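Undergrad: The structure's right below; bear with me while I get my questions together.
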Amino acid sequence: MNALTEVYGGFKSLLIGMRVTIGQFFKPVVTVQYPHKTLKMPLRYRGHIELVGNPASGRPLCFVCKLCERACPSDCISVDGVKLEGEKRRSVTSYKLNFTTCSLCGACVEVCREGAIRFSRDYNLAGLTKEEFVLDLVQRFQAQQAKAKPEAHESHESHESKQAEAAQAAEAKPAGQLAGAAKSGDSAA
Amino acid sequence: MSALFSKIVTLLETEPYRLVVAVVAIVGFVALNAAYLVWVERKGAGRFQRRPGPTEVGPAGLLQPVADGLKLMSKQLILPAGADLTLFRVAPLLVMAPVLMSLAVIPFGQSLAARNLNVGLLMIFALGSINVMALMLGGWASRNKYAVMSAARVVSQNVAYEIPMLLVVVTMAMVSGTMNLNEIVRQQAGAFWHWNLFRVWVNPLMPVTFLIFYICMLEETNRAPFDMAEAESELVAGAYTEYGGMGFGVFFMAEYANIVLGCSLATVLFLGGWQSPFGVLPGVVWFLLKMYFLVFSVVWIRWTFPRTQFYGLLNLSWKILIPVSLFTLVLSAAMLKILRSSL
């Protein structure tokens, strides 16, 4: 009798298990179909660094103090700049980040007095060659500026959110970016 | 035109042509099912895990089986060193052939069976045991430790489960009084409570009998949770370890063909075969509906339960299924005796 109740209980629990799975069967899909759709990265996502612009002038805030260069434990940042005539501070002309050695420790962001660099939210970083990961952040900044131009000077107080939007716009089309990466990889090969 | 058509039909019903038509139809049916049940399985697995399953090849991934087939066919057939080459090559065929032959006696519709044999049920079970031997030969011939281990498991597992399966089938043969599958279906005419599954006045344990049959069918087709033959997480790929390309492909197709056969048999024996419960739609449709519902439940079970442990598997058979099926056999024999003598 004991064995029969055991069999009955076991069979019942199997049926309950099957009811659970059939319930899942009719619920909507929860996975994101990656190349077709992407997740929005949260604001605190720590991607590679990027330059922050001065909303008034539309140029990078960076004045080439090179603190980040010295703070970097893996020596992957090299900054260069010139002193333009009639200006107190130097302006950045080249900001190279060698992302192959960067460990995303964030020491550069922490040490920057001006808040001129921040973490980007770019995570679609596939490439075929090593050289693709030596990032020129000035170029990247200019590209972002060009994209954000139509709305860049509308309001100054909300520039934080505007920049966030601009950053998002830059990473909005991963498929195109992937294709671009593949193309540049081909030409390098 | 219609005269020509009817002439062709009568020609196709005469002997050598009928044979050819049946062979082509069965091979086509098995091939289509094997290919698209893989798709059903993958889609089903996806749905049960809240993901979409294959979507990239063709609309809703419908061309996925074609892509898989092309991939398998383009692969090199590797023969492992030291393997028994003849047995190694023959094993996949030996798994596939009995299924194709068994389908010849399955009545898909009232007059839609390749052969209306008087001993159809017996023939299916005679051929069914070849499956085990073929898996064992495949495992043995590969000269691979995993494969041999799996082959040993498969044999003990199949021996253990063939007994309750056959006891159930003997019960059904006694209840129906015939081994002709078409006749068994004909006896279940009428509404669904005439199906053997609900024939509780002959044997009050009929639903239990069906469950035993279903469990044994899962086991005989080496499906999860009884997939000791493959057991990919513990034995690499079990008996299929050394098979690549279409050799593996045939084993894989045979698994699905066996599921179709097992579900067809369950439909015929318990769910009234091509009998329609409401009198609408032709019988073939009902047969396929019932059969594919059972196939779906096989997929459903696979993605619900983990693989049983080996001793658990044997305990289930020897300690539960065999005593219970013996009991139902004796019970229905007694009931039949009483019923017959009272008439």
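The values are calculated or read from the model by the stated rules, or taken from the named source; none is laboratory data. Small disclaimer: the values here were computed from a predicted structure and weren't measured. For neighbour counting, all protein chains shown are included, and Cβ atoms are generated from backbone atoms with ideal geometry for every residue, glycine included. Quick note on the areas: whole protein, heavy atoms, side chains included, nothing else; ligands and nucleic acids left out. Shrake-Rupley method; radii C 1.70, N 1.55, O 1.52, S 1.80 Å.
Undergrad: Between B:Ala31 and B:Met174, 0.36 nm times their residue separation minus their Cα-Cα distance comes to what?
TA: Answer, rounded to one decimal: 48.1 nm.
Undergrad: Please compute the per residue accessible area over region B:79-342 with all protein chains in place, 1.4 Å probe, rounded to a whole number of Å².
TA: 40
Undergrad: For Cα pairs less than 8 Å apart in space and 6+ apart in sequence, what is the mean separation divided by the residue count of region B:1-74, i.e. the relative contact order in percent? Present the calculation step by step, with values, prior to reporting the outcome.
TA: Working: 31 pairs, mean separation 13.0, N = 74.
In percent, rounded to a whole number, it is 18.
Undergrad: Give the long-range amide H neighbours of A:Ile49: residues separated by 5 or more places, or on another chain, with amide H under 5 Å away, using H modelled in the peptide plane at 1.01 Å from N.
TA: Residues meeting the amide H criterion: A:Ser120.
Undergrad: Still on this structure, please answer the following. Summing +1 for each Lys or Arg and -1 for each Asp or Glu, what net charge is found among the other residues whose Cβ lies under 15 Å from the Cβ of B:Leu87?
TA: Counting the neighbours of B:Leu87, the net charge comes to 0.
Undergrad: By its C-alpha gyration tensor, with a ≥ b ≥ c as the square roots of the eigenvalues, how is chain B shaped: rounded for a/c under 1.5, else prolate for a/b larger than b/c, else oblate? Kindly include the intermediate steps, with their values, before the conclusion.
TA: On the way: a/c = 1.65, a/b = 1.20, b/c = 1.38.
Oblate, since a/c reaches 1.5 and b/c is not below a/b.
Undergrad: Normalised by the residues of region B:79-342, what does the relative contact order come to in percent, with Cα pairs under 8 Å and at least six apart?
TA: Rounded, it is 27 percent for region B:79-342.
Undergrad: Between B:Glu183 and B:Leu281, what's the calculated FRET efficiency when r is the beta-carbon distance and R0 is 25 Å? Round to 0.05.
TA: Values: r = 22 Å, r/R0 = 0.89.
E between B:Glu183 and B:Leu281, to the nearest 0.05, is 0.65.
Undergrad: For the pairs A:Lys130/B:Lys43; A:Lys27/B:Lys290; A:Lys12/A:Lys37; A:Lys40/A:Lys66, note any where the Cα-Cα span goes beyond 30 Å.
TA: Check vs 30 Å cut-off fails for A:Lys130/B:Lys43; A:Lys12/A:Lys37; A:Lys40/A:Lys66.
Undergrad: Only helices at least 24 Å long along their own axis, judged from Cα atoms, and with Kyte-Doolittle mean hydropathy of 0.0 or greater: name those in chain B from DSSP H.
TA: Numbers: long enough: B:15-48 (47 Å, 0.93); B:85-102 (27 Å, 1.81); B:120-141 (32 Å, 1.79); B:145-176 (45 Å, 1.13); B:245-270 (37 Å, 1.54); B:283-302 (29 Å, 1.73); B:322-342 (30 Å, 1.47).
Qualifying helices: B:15-48, B:85-102, B:120-141, B:145-176, B:245-270, B:283-302, B:322-342.
Undergrad: I want to verify a result. In a Gaussian network model of chain B, Cα cutoff 10 Å, which of these has the top mean-square fluctuation: B:Thr209, B:Thr221, B:Thr86?
TA: B:Thr86
Undergrad: Once you average over the residues of B:45-52, how many Cβ atoms of partner chains fall within 10 Å of each Cβ? Numbers along the way, then the final one.
TA: Numbers: counts 0, 3, 7, 6, 6, 7, 5, 4.
Averaged over the peptide's residues, the number is 5.
Undergrad: Convert each backbone phi in region A:94-105 into a coupling constant with the Karplus relation 6.51 cos²θ - 1.76 cosθ + 1.60 (shift: θ = phi - 60°), then list the ³J(HN,Hα) values in order as whole Hz, x for Gly and Pro.
TA: Coupling constants for region A:94-105: 8, 10, 9, 10, 8, 6, 5, 10, 5, 9, 6, 6 Hz.
Undergrad: Determine the gain in length on full extension of the stretch B:Tyr17-B:Val155; use 0.36 nm per residue of separation and subtract their C-alpha separation, reporting nm with one decimal.
TA: Numbers: separation 138, 0.36 × 138 = 49.68 nm, distance 3.92 nm.
Net length gain for the segment: 45.8 nm.
Undergrad: Assuming 0.36 nm per residue, please report the length gained on full extension of the stretch B:Val24 to B:Trp193 beyond their Cα-Cα distance.
TA: That works out to 57.3 nm of additional length.
Undergrad: Ratio to report: Rg/Rh of the protein assembly as shown, with Cα atoms as the point set and Rh obtained by the Kirkwood method; give two decimals. The partial results should precede the final answer.
TA: Details: Rg = 33.6 Å, Rh = 28.7 Å.
Rounded to two decimals, Rg over Rh is 1.17.
Undergrad: Further question on the same structure: Heavy atoms only, 1.4 Å probe, whole protein assembly: order A:Tyr123, B:Tyr17, B:Tyr161 by accessible area, highest first.
TA: Working: A:Tyr123 65, B:Tyr17 110, B:Tyr161 0 Å².
So, going from the largest accessible area down, we get B:Tyr17, A:Tyr123, B:Tyr161.
Undergrad: Label-point separation (nm) for A:Val134 and A:Glu85, each offset 7 Å from Cα along Cα-to-Cβ?
TA: The modelled label-to-label distance comes out at 3.3 nm.
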